[in-house]
Amino acid sequence: MPGLEDLYREIILDHYKNPRNRGELPEPAISVEGHNPLCGDEITLYLDVADDVVRDVKVSGQGCSISQSSASMMTQAVIGRSVTEVRAVIRRFKSMMAIEEDGLEATDAEISLGDLEALQGVVKFPVRIKCATLSWNTLIQALDEAG
Amino acid sequence: MTPSAVASPDWQRIRSDFPVLRREIDGRPIVYLDSANTSQKPESVIDAMASFMREGYAPINRSAYRLAAAATDAYEGARSKVARFINAARPEEVVFTRNATEALNMVAQSWGRKNLRPGDAVVLSHMEHHANIVPWQMLVDQIGIELRFIPLTDDGLLDLDGLSALLDGARVLSVTAMSNVLGTINPVERLVAAGRAADCMVMIDACQSVPHGITDVQAWGADFVAFSGHKMLGPSGIGVLWGSSEQLELLPPFLGGGNMIDDVRLDGFTCAPVPAKFEAGTPAIVEAVGLGAAVDYLESVGMANIRRHEMGLTRYAIDSLRARYGDDVVIHGTDNVELRGGVLSIAFRDIHPHDLSQVLDESNVCVRAGHHCAKPLMRLLGANATVRASLYLYNDRSDVDALVEGLDGASDIFGL
Ligand SMILES: Cc1ncc(COP(=O)(O)O)c(C=O)c1O
């Protein structure tokens, strides 16, 4: 069995205890709720997009260390990037989570995930993948709504 | 009469009857504390099912050859065992379903659609499992009924002060005998009497209570009682709807098909007698045999003994958690083990239940983390999720000790 140290890496615990970009954004930012039906976690993601750039993201709600740290690191990874780049980051993250999706592009592999690489260990604990991807799926929904 | 149980069972031997509990993962024993979810199976249940498949398997109720007749006897024998186990007046009052969920849906749909009109009220409680909420909510959409909920007291008991007002004008009372989150054991006879007095149809969700204590459906006096085989040492895939003969005669069939008919013509059908009327299609034959063996096993230990064993362990668990962690641990529900079963939903030092159960799994402690299919109750408790440790006859103090010890490991990781 993989050890817990693969899961609860220092960076993850740091983002869990000190989450970045927590909170809400006023309208006209888009807000979308995300649920993990397995464990009952609920988050709300706020997205401010203008001129095809993700200007700000905030996340509120509750969740386990994996879902909360993933959300925190995600906000850092996407703020300031173009929507196209953000979609590529999402694809790259999902492929790290062993989630097969259409549309993975050859250049995605070159994208650096930075701190998010610490979540790699989650793959060894398949039930936790849903925790790690909760905020990401919510972000996809928000981007889709933003058009 | 029931086979006599021993005065004081050998719990160590009982534990060794369960092959999964003899297994080790990473060289350490499994600490199974998730029986409110589903229970482990004793050797005798596994053997009964395997030898039936090896030597006795055949269709039931359909064929004239001896092998089929013997299989029918085995299936009906299981029905008789279950009937005796819950003190049903006759075996025909026991309907085999897939699980408690199907039994509850069967009554909501078949009884509800026949008897309920727009505006009629159905009374449930705030501690119900989704299986006793959603089927009724479906009738809100389909018929336009109204739902009312019995509130809870601060220590997780049903607050029955306003019960007669809630029941006033209601048509149905459907309540759990024991909470799968709080462990609370509800006063079924009192609830049934109140429902009767208000002319309600009364159903009891006995999914959590039947595996852990004596059940006497005649003393309860409800119209319907639902429970699952897999929580009472039997296999998954079989459950029970008990109904009074009177109600089952009046109840329209739920599923149509083979086995449930008396005659079929191009312009219609007539139903087989109860209980076949409610067992459309080829039933869970092997699982019924397994459930019969589970009942035999439970009776050989004695339900009163099991209840006493679990009360003692529940007391020990509450006391151990409190002694070690004081206010850092919250145990939902009442402290009085006379009023609760061995289901402990806990919150620990702000550590998320998912993380707690992950760390506990490191020492092979199996607990459930989540909302336990009771989201309205979870909202009332102000928690999205809890860790739930639940006890059964095969657990002992060492399992509780492993739980208490394991929590400390979580504290270390999260630095709390
Ligand atoms: C109180 C209660 N009712 C109903 C159910 C549903 O049982 P099943 O999933 O076996 O249909 C459960 C199972 O968790 C339960 O605890």
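The values are calculated or read from the model by the stated rules, or taken from the named source; none is laboratory data. Because the structure is predicted, anything quoted here is derived from the model rather than measured. Counting neighbours? That spans all protein chains shown, and the Cβs are built from the backbone with ideal geometry, glycine included. Only protein heavy atoms, including side chains, enter the accessible area calculation; ligands, DNA and RNA are left aside. Shrake-Rupley method; radii C 1.70, N 1.55, O 1.52, S 1.80 Å.
Determine the percent antiparallel among the DSSP beta bridges restricted to the protein assembly as shown, to the nearest 5.
Details: 46 of 66 bridges.
Looking only at bridges with both residues in the protein assembly as shown, the antiparallel portion is about 70 percent.
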Inset, instruction - Report the Stokes-Einstein translational diffusion coefficient (µm² s⁻¹, integer) for chain A, Rh taken as the Kirkwood radius over Cα pairs, at 4 °C with viscosity 1.567 mPa s. - result: 85 µm²/s
Legend entry - Cα convex hull volume per residue for the protein assembly as shown (Å³): 198 Å³
Inset, instruction - Would you list the membrane-span-like helices of chain B, meaning whole DSSP H runs whose alpha-carbon atoms span at least 30 Å along their axis and whose mean Kyte-Doolittle value is at least -1.0? - result: B:303-325
Inset, instruction - Go ahead and estimate [θ] at 222 nm for the protein assembly as shown from helices alone: -39,500 (n - 2.57) per DSSP H run with n ≥ 4, summed, over the residue count, rounded to 500. - result: -11500 deg cm²/dmol
Legend entry - Alpha-carbon Debye profile of the stretch B:1-158, log10 I(q)/I(0) at 0.11, 0.13, 0.14, 0.20 Å⁻¹: -0.79, -1.01, -1.09, -1.26
Legend entry - Whole-percent carbon and sulfur share, accessible surface of the protein assembly as shown, 1.4 Å: 50 percent
Inset, instruction - Would you work out which of A:ILE11, B:PHE149, B:VAL329 lies farthest towards the positive end of the dipole of the protein assembly as shown, given +1 charges on the beta-carbon of Lys and Arg and -1 on that of Asp and Glu, about the Cα centre? - result: B:PHE149
Inset, instruction - Return the residues of the stretch B:375-400 for which accessible area with all protein chains present is lower than in the chain on its own by 30 Å² or more; set the probe to 1.4 Å and exclude ligands, DNA and RNA. - result: B:LYS375, B:ASN384
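Taking every DSSP beta bridge with both residues inside the stretch A:2-146, roughly what % is antiparallel (nearest 5)? It would help to have the intermediate numbers written out before the result.
Numbers: 17 of 18 bridges.
Once the DSSP bridges in the stretch A:2-146 are tallied, antiparallel ones form about 95 percent.
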Inset, instruction - Extending each Cα 7 Å along its Cβ direction at B:SER51 and A:GLN62, get the distance between those two points in nm, one decimal. - result: 5.1 nm
Inset, instruction - Note every residue of the stretch B:344-370 with a reduction of at least 40 square angstrom in accessible area, all protein chains present versus the isolated chain, computed with a 1.4 Å probe, or write none. - result: B:HIS352, B:HIS354, B:ASP355, B:GLN358, B:GLU362
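Please report, to one decimal in angstroms, the Kirkwood hydrodynamic radius of the stretch B:47-300 built from all distinct Cα-Cα pairs.
Details: mean 1/r = 0.0532 Å⁻¹.
Value: 18.8 Å, from the Cα pair sum.
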Inset, instruction - With a 1.4 Å probe on protein heavy atoms only, tell me which residues of the stretch A:126-147 lose at least 40 Å² of accessible surface in the complex relative to the chain by itself. - result: A:ARG128
Legend entry - Total accessible surface hidden between B and A, rounded to 100 Å², 1.4 Å probe: 1700 Å²
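Compute the relative contact order of chain B as a whole-number percentage, counting only Cα pairs closer than 8 Å that sit 6 or more residues apart in sequence.
Values: 812 pairs, mean separation 91.7, N = 416.
The normalised contact order for chain B reaches 22 percent.
Can you tell me what share of the DSSP beta bridges in the stretch B:47-300 is antiparallel? A percent to the nearest 5 is fine.
Numbers: 15 of 31 bridges.
Roughly 50 percent of the beta bridges in the stretch B:47-300 run antiparallel, per DSSP.
Rounded to the nearest whole Å², what accessible area per residue is found for the protein assembly as shown with the 1.4 Å probe? Could the numbers behind the result be given before it?
Values: 23480 Å² over 563 residues.
About 42 Å² of surface per residue is accessible.
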